[in-house]
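Asks: Here it is, the structure, as structure tokens.
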Amino acid sequence: MAKVLNVNPTRMELSKLKKRLATARRGHKLLKDKRDELMRQFLDLVRENKTLRKKVEEGLREANKSLALARGIMSDQVAETALLCPSQEVTLELGSKNIMSVDVPVYTAKTRTPNEDDIFCYGLAFTPVELDSAISELNSLLPDLLRLAQVEKSVQMMAVEIEKTRRRVNALEHVMIPRYVDTIRMITMKLDENERSNTARLMKVKDMMIQEQYSAKQQA
């Protein structure tokens with residue numbers, strides 16, 4: 001049995017507690033619905049995160065392989081000269097969107113020039129094709145890398161919100177609502193007991209009055 005609230009057992013307090021109980025039950029249902037929807041979207045993001053991570057890791061592995069082959073063919077000086085002055089520049093814009101009261105990040109990449117394929121800052125005739133492949137692979141991985149970072153951060157933030165919501169649901173379900181229910185039951189029992197006591201006293205008074213009337217008639 002939950003610990004009852006320390007209130008006066010009056011009809012006014014009973015009415016207040018019934019309203020609080022109704023509010024607590026509505027809040028409990030809303031929080032449960034929120035928790036369930038958060039869990040659904042959280043699991044969707046976890047699955048997407050797994051797919052993206054696998055794709056990005058495979059892409060980085062291929063890009064590193066191509067880069068290692070290129071560095072094996074080129075001298076360090078030629079490689080540094082080829083990559084010294086990038087022809088493209090990427091800026092990152094940070095936004096947000098609301099998912100069930102959680103403001104998750106949204107990353108958007110913008111390039112300096114309209115042509116997003118303008119990524120080679122050297123003459124293609126003087127560098128091995130492996131270097132071109134490595135740069136192309138890294139460039140194609142950029143959207144997936146940004147999406148992976150966005151999804152992973154969203155997963156972390158939603159996990160925190162799910163835990164907070166779960167604690168609130170449990171507090172209402174196992175503490176507050178049972179406490180309101182038990183307090184209402186206690187007040188109701190006391191009010192019923194008082195009503196029975198009053199009824200018994202009234203009946204006793206009535207019996208005494210009838211007895212007095214009967215005695216008066218006998219004496220008359």
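The values are calculated or read from the model by the stated rules, or taken from the named source; none is laboratory data. What you are looking at is a predicted structure, and each value in this text was computed from that prediction instead of being measured. Here Cβ is always computed from backbone atoms with ideal geometry, including for glycine, and neighbour counts include all displayed protein chains. These accessible areas exclude ligands, DNA and RNA; they are computed on the full protein's heavy atoms, side chains included. Shrake-Rupley method; radii C 1.70, N 1.55, O 1.52, S 1.80 Å.
Asks: Would you mind getting the accessible area per residue of the chain, heavy atoms of the protein chains only, 1.4 Å probe, in Å²? Each step should come with its number before you reach the end.
Replies: Values: 15330 Å² over 220 residues.
Heavy-atom accessible area per residue stands at 70 Å².
Asks: With charges set only on the Cβ (+1 for Lys and Arg, -1 for Asp and Glu), what does the dipole of the chain come to about its Cα centre, in debye to the nearest 20? It would help to have the intermediate numbers written out before the result.
Replies: On the way: 38 positive and 31 negative charges, 550 e Å.
I would put it at about 2640 debye.
Asks: For S87, S75, give the ranking by accessible area with the largest first, probe 1.4 Å.
Replies: On the way: S87 30, S75 60 Å².
Putting S87, S75 in descending order of accessible area: S75, S87.
Asks: Next up: Relative contact order for the chain: what is it in percent, counting Cα pairs under 8 Å that are at least 6 residues apart?
Replies: Numbers: 189 pairs, mean separation 80.6, N = 220.
Computed value for the chain: 37 percent relative contact order.
Asks: Which one of C85, L148, A171 is farthest out on the positive end of the charge dipole of the chain, using unit charges on Cβ (Lys, Arg +1; Asp, Glu -1) and the Cα centre as origin?
Replies: The residue sitting most towards the positive pole is A171.
Asks: Another question, if that's okay. Using only DSSP helix segments of four residues or longer, with each worth -39500 (n - 2.57), what per-residue ellipticity at 222 nm results for the chain after dividing by its residue count and rounding to 500?
Replies: So the helix-based figure for the chain works out to -26000 deg cm²/dmol.
Asks: Here is a further query. So, with a 1.4 angstrom probe, what is the percent of accessible area on the chain that is carbon and sulfur? Kindly include the intermediate steps, with their values, before the conclusion.
Replies: Numbers: 8630 of 15330 Å².
The computed percentage sits at 56.
Asks: Now for a different question. Mind ranking K18, K3 by accessible surface for me, highest first, 1.4 Å probe? Please list the in-between numbers first.
Replies: Details: K18 110, K3 155 Å².
Order by accessible area, largest first: K3, K18.
Asks: Heavy atoms only, probe 1.4 angstrom, no DNA, RNA or ligands counted: give me T183, T188, T23 ranked by accessible area, highest first.
Replies: Reading off the accessible areas and sorting them downward yields T23, T188, T183.
Asks: Given that compact globular proteins tend to follow 2.2 N^0.38 Å, what is the ratio of the alpha-carbon Rg of the chain to that value? Working shown, then result.
Replies: Working: Rg = 37.5 Å, N = 220, 2.2 N^0.38 = 17.1 Å.
Normalised Rg, Cα atoms only: 2.19.
Asks: Under 28 Å between alpha carbons, and skipping anything fewer than 8 positions from K50 in its own chain: which lysines qualify?
Replies: K32, K34, K65, K97, K110, K153, K164
Asks: Can you compute the label reach from N194? Point 7 Å from Cα along the Cβ direction, backbone N cut-off under 12 Å, restricted to the stretch 1-36.
Replies: 8-15
Asks: In addition: Just to verify a number: what accessible area does M12 come out at with the full protein assembly present, 1.4 Å probe, Å² rounded to tens?
Replies: Ignoring ligands and nucleic acids, M12 comes out at about 130 Å².
Asks: Would you calculate the separation in nanometres between label points at M39 and S96, each defined as 7 Å from the Cα along the Cα-to-beta-carbon direction?
Replies: 2.7 nm
Asks: Starting from the Cα-Cα distance between M157 and V205, subtract it from 0.36 nm times their residue separation and give me the gain in nm to one decimal. Before the final figure, lay out each step's value.
Replies: Working: separation 48, 0.36 × 48 = 17.28 nm, distance 6.97 nm.
Stretched out fully, the M157 to V205 stretch lengthens by 10.3 nm.
Asks: Based on the Cβ-Cβ distance from A109 to I73, what FRET efficiency comes out when R0 is 45 Å, to the nearest 0.05? Don't jump to the answer; show the numbers that get you there.
Replies: On the way: r = 30 Å, r/R0 = 0.67.
Efficiency for this residue pair is about 0.90.
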